[in-house]
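Enquirer: Before we start, here is the structure in question, set down as structure tokens.
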Amino acid sequence: MKIAICAQGEGLNAKTDRRFGRSPYFVLVDPDHETVLESIRNENADAPGGAGPQSAQLLSEHDVGAVITGNVGPKAKQALQAAGIVIYTGVQDTVGDTIKEFMKGVLKPLSGATVPGHSGIQKGQWR
Amino acid sequence: MRLAVASGKGGTGKTTVAVNLALALRQKNLTLLDCDVEEPNAHLFLKPVFYFTKEVGIPVPRIDFARCTFCGRCSEVCAFNALAVLKDQVLVFEELCHGCGSCAYFCPERAISEHERPIGILERGNAGNIKFGHGRLNPGEAMSPPLINEVKKMCRPGLITIIDAPPGTSCPVVSAVSDCDYCILVTEPTSFGLHDLDLVSRMVKKMGVQAGVVINRSDLGDDRVEDYCRDKGLPVLQKIPFDRELAEYQARGEPIVKHRPSWHDYFEKMFYRIAEKCEGVSR
Ligand code: SF4
Ligand code: SF4
């Protein structure tokens, strides 16, 4: 299974990012071999709105089975679940540390949104 | 002639100016449109009798999964990220959709039809000889421009329309002020007032709409707003000093021109000053 980790840069040593839709990179790893398959830039990170669902679409296009992040909003969560992507919260400091933690089996899959919905740059509520 | 009344922030007395100007000119067969659809309140002063109500919606996509091939084209063309195409489904985030119709137009499989998502209510009425219209946006709704545009359809060419714009400087204000011949900017002589006046006057200038300033509670602040207006060549159309008695009428929903005939003249004069500036551009 391919796992995506929200990160601020590329590769195993990259710092993680606690946001999902606005995470600048997704590092795709093969956890069984603790290897990086690919680091993808998230073009949606600066979108004025709808960054979460678009990022979910991006991961779906890359056949990702699970994502490890810090927080997800309600729309991102809905899209990730619809795409069958399992959500884990609890990123560690770096991508490498996060994989180790994941392999210990201590990260729990998520059932509710961890942050309320935002509306990106614009002020207002989109619920 | 279309005349907008705007302000960089709420609570400056924008509606007071719009309503009292309309009342001062009520012999002129004019229309007042309250485009502050998030918090319409001009009707509280004018007390119109409504004769027409309609629900306003925007067309949002519905996907026919018997036709959809999950090609992703719709999501690609949507400028508002309202569509997510996954392996075996397409998610529509209706609250992000602006109803532009691009997705349906570009879908190669003709798998997208549209249905209306209600965003608010439009009401039309009469307040004496003033024609009145306003919109009420549904609570929590963010997509106000389509409702504002619907309210503005009551503008009648050749006749005076006064538009009470929403406060601030975002999209809804642009919708309300666009196509207007003149914009009255209502502010207060404080540093907040000055800051917001600067934002809104620059926005209006960018839109190519002439503007002038009304300073409300003009005696409760300093001269910086007036200095600013002089600097920028913005005419000060009117200064309204604070008046406890008037504030009380206001609080009871009574327009001030009813109690102070002198204000009737002030507003009328202000209108003629504006009309002079608009000459030749009236529509
Ligand atoms: S463009 Fe049409 S066919 Fe392609 S994913 Fe969207 S709805 Fe489906
Ligand atoms: S109508 Fe326009 S805004 Fe709405 S989903 Fe389609 S492309 Fe996006």
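Enquirer: Just give me the residues in the range B:72-109 being within 31 Å of the chain's Cα centre (by Cα), open to solvent by 30 Å² or more (accessible area, probe 1.4 Å), within 11 Å of another protein chain (Cβ to nearest Cβ) and free of Cβ contacts under 8 Å to residues at least 24 places away in the same chain, in sequence order.
Expert: B:Ala79, B:Phe80
Enquirer: Check the range B:34-56 and report whether any residue there is assigned to a strand (DSSP E or B) and of a type in the set (Asp, Glu).
Expert: Within the range B:34-56, the first condition is being assigned to a strand (DSSP E or B), and the residues that meet it are B:34, B:49-56.
This time we only want the ones that are of a type in the set (Asp, Glu), so: B:34, B:55.
Within the range B:34-56, one or more residues are assigned to a strand (DSSP E or B) and of a type in the set (Asp, Glu).
Enquirer: Right, something else. Can you pull out the residues in the range B:55-78 that are more than 6 Å from ligand 1 (Cβ to nearest atom) and among the polar types (S, T, N, Q)? Even if it seems obvious, please write down each step before you answer.
Expert: Going through the range B:55-78, the residues more than 6 Å from ligand 1 (Cβ to nearest atom) turn out to be B:55-62, B:64-67, B:75-78.
Scanning the range B:55-78 gives a single hit, B:Ser75.
Enquirer: Another question about this same structure. In this structure, does A:Gln81 turn out to be open to solvent by 10 Å² or more (accessible area, probe 1.4 Å), without any contact (Cβ under 8 Å) to a residue 24 or more places away in the chain and not hydrophobic (A, V, I, L, M, F, W, C)?
Expert: Working: open to solvent by 10 Å² or more (accessible area, probe 1.4 Å): yes; without any contact (Cβ under 8 Å) to a residue 24 or more places away in the chain: yes; not hydrophobic (A, V, I, L, M, F, W, C): yes.
In short, yes.
Enquirer: Let me ask something else. Which residue, of B:Ile121, B:Ile112, is within 11 Å of ligand 2 (Cβ to nearest atom), open to solvent by 20 Å² or more (accessible area, probe 1.4 Å), modelled with pLDDT of 95 or more and away from chain A (no Cβ under 14 Å)? Explain how you work it out, then say what you get.
Expert: Values: B:Ile121 fails: within 11 Å of ligand 2 (Cβ to nearest atom).
The match here is B:Ile112.
The values are calculated or read from the model by the stated rules, or taken from the named source; none is laboratory data. The model shown is predicted, which means the values in this text are computed figures rather than measured ones. Every residue, glycine as well, gets a Cβ built from its backbone with ideal geometry; the counts of neighbours run over all protein chains shown. These area figures cover heavy atoms from the full protein model, side chains too; ligands, DNA and RNA do not enter into them. Shrake-Rupley method; radii C 1.70, N 1.55, O 1.52, S 1.80 Å.
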